[in-house]
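The values are calculated or read from the model by the stated rules, or taken from the named source; none is laboratory data. In this text the structure is predicted, and so the values were computed from the model without any measurement. So basically every Cβ, Gly included, is an ideal-geometry build from the backbone, and we count neighbours across all protein chains shown. All accessible areas refer to the heavy atoms of the entire protein, side chains included, with ligands and DNA or RNA removed. Shrake-Rupley method; radii C 1.70, N 1.55, O 1.52, S 1.80 Å.
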Amino acid sequence: MADHEHVGEEERKVVQEFCYLLEKSKQLFNGLRDLPQYGHKQWQSYFGRTFDVYTKLWKFQQQNRQSLDTRYGLKRWQIGEIASKIGQLYYHYYLRTSETNYLNESFSFYSAIRARAYYSKANKEGPELCVKKLRYYARFIVVCLLLRKIDLVRELIKELNRQIEEYTSLYEPEDQLEWQLVLGEIRSFIEAEQIINVIDTDTKPMVLPHRLGKDGVPALERQQVYLTLQEALIIGNCNEQIKFSELTLDMYRILQALEREPKGDEIHHHHNDSSPAPGQQPMENGDRSGKRENPHKYLLYKPTFGQLFTFLSAGFKELPPNAALLIYLSADGSQGSDRPEDEGAYDYGGVVTNNRREPGEQVTKKSHLLKEMHCLHPGDLYPYTRKPLFLVVDSNNSTVFKNIPNLFGQPVVCLMSPTTLPKNVQDQNTKGNLFTLFLYSPLTAFCHVSDIADIPIALWEKCEKHVKMVMQEVAQLITKSRTLDHTYMQFYGDEFLRLLMLRFVFCHATLRYHRGFKDESYYPHSHPDMKSCDILENSSLHKWILELASMLDVRALFLEVSELD
């Protein structure tokens, strides 16, 4: 009898401790919403405490499963909820650090939930739990997208569709249209993302990586590294562009262009039925004092003027010595005043980062003096040129940024998209902008402007080798140029910025020699202006572009050397 009472007391303590850890974990998790999304130091200790509690909770439920089953009535969906929260923690830690190994950790928890069917009976527990399950699917899809697990995304879309149908038939909820919109968004995103089909030997489309891989950028030749890219703001507001979960196609692409490929050995797979345990504690290896794997990024979808400047100021403030800040803008242009009064700081417009109206704003004919509230003008960036600034602007008003003055003696570079495009290309802008596509995957963009939709893997790999060779040769042209503005060389030491510069040159050459792009406004621009140097019009570039076109059997689309002005 005493033994039985002792066991009962022990089980009561187990349940008590579990309830305490569960409640504490929920409090800490909910508290994450109140933390600032910007800066580096304010949130680290709080994240550390949250991970500690979830680690204890996870291990505790593993070690005491039998007692919790019998005395607490622990259900599988409750274990799934804990795993889902840990997956969310790792995902948000990735967003705050830009280190892709945390995406892998998030993936391992989300995939374990699916493999063990933790939510299999959730639909019968009520509509609230159904919605949690649907949100889990949406979050899992985002993580898979970022890891480019496109085949798995397609499977998850089918499962999400079934779950939404079951949810709506069981409960006839008010939010069923919203979930159909979510489903439609992700389907459109996947369809648009695969702009070129690379076909394997079994005639199946392949998913190729586009992050920076080993030997993915030409090495420096005994050159001093001046600056490294440490902070990046990625801003998206193209109204017509396909997006999913506050991530436009342009944002999705440039995000990968600013990251290294995740290391394969960091992906954790859990095949047995013992639940996964949290991996390394982020506080042990998150913001190392050494060199970052990837620059820290802020993803801003349709930010207001206030939000944009809060994050911009945080990035500027936290920039260490000998580091550069990158601002990437993919947004619709605002043309500014009909009667400009200055040299372009504010009167020539800029790009609109958010289209919302301010409360109480009158919808009347605007005075010519009234400017867009959420338009980022070149003059807005002048204070931030106190530190090295690298701008990439993909907009129909991009060239308004070409006259940013050097007020503080610090290097400033701006790569700008074409301001107009041929109609057949312009009509494709919902699937992402052409300039960003070149910065993300030059060969994909080359195929796109050559109307190539499908390409065998063997030919793709052959063309990729050629593009890599072109990049090596362009790198030689840049390092040996005597006329290129020295500002570029100050950024050239950073691998990511070097790659953007090389891809810019490739983009210019492709469009310059393409018969369908005959107008000056169809070409990208740069500040300082590269046209004044000996790189963009180099005859070797033309030859290399024609060689690539010949490999793809589209040479007729490009100007021959003899046809140049």
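Computed values, structure above
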{"quantity": "Of every Cα-Cα pair in the range 497-565, the percent that sits beyond 17 Å", "calculated": "41 percent"}
{"quantity": "Sites K480 and D200 - FRET efficiency at Förster radius 41 Å, r taken between beta-carbons, to 0.05", "calculated": "0.55"}
{"quantity": "Listed pairs K149/K214; K302/K468; K243/K387; K158/K204 exceeding 27 Å between Cα atoms", "calculated": "K302/K468; K243/K387"}
{"quantity": "Percent RCO, i.e. relative contact order, over the chain, from Cα pairs under 8 Å lying at least 6 residues apart", "calculated": "14 percent"}
{"quantity": "Per residue solvent-accessible surface (Å²) - the range 520-565, probe of 1.4 Å", "calculated": "50 Å²"}
{"quantity": "The range 445-565, relative contact order in percent, only Cα pairs under 8 angstrom and at least six apart counted", "calculated": "32 percent"}
{"quantity": "Mean accessible surface per residue for the range 1-121, computed with a 1.4 Å probe while every protein chain stays in place, in Å²", "calculated": "48 Å²"}
{"quantity": "FRET E, pair K132, A453, Förster distance 35 Å, beta-carbon r, rounded to 0.05", "calculated": "0.30"}
{"quantity": "Measure of compaction for the range 1-83 (Cα Rg per 2.2 N^0.38 Å)", "calculated": "1.36"}
{"quantity": "Cα-based Rg / Dmax (Å) for the range 48-115", "calculated": "13.1, 42"}
{"quantity": "Rounded percent of accessible protein surface that carbon and sulfur make up, the chain, 1.4 Å probe", "calculated": "48 percent"}
{"quantity": "Size of the range 65-153 as Cα extents on the principal axes (Å, biggest first)", "calculated": "42, 24, 20"}
{"quantity": "If the convex hull is drawn through the Cα atoms of the range 131-192, its volume per residue in Å³", "calculated": "67 Å³"}
{"quantity": "Stretchable slack from Q27 to K317, in nm (0.36 nm times residue separation minus alpha-carbon distance)", "calculated": "101.3 nm"}
{"quantity": "Spin-label pair R555/E464, simplified geometry with 7 Å Cα→Cβ offset, distance in nm", "calculated": "2.5 nm"}
{"quantity": "Length released on extending from Q16 to E520, taking residue separation times 0.36 nm less the Cα-Cα span", "calculated": "174.2 nm"}
{"quantity": "Nearest-0.05 FRET efficiency for R71 and R356, computed from C-beta distance (R0 60 Å)", "calculated": "0.70"}
{"quantity": "Rg to Rh quotient for the range 411-499, alpha carbon positions, Kirkwood Rh", "calculated": "1.02"}
{"quantity": "Per-bin percent of Cα-Cα distances, the chain [20 Å]", "calculated": "19, 50, 26, 5, 1, 0"}
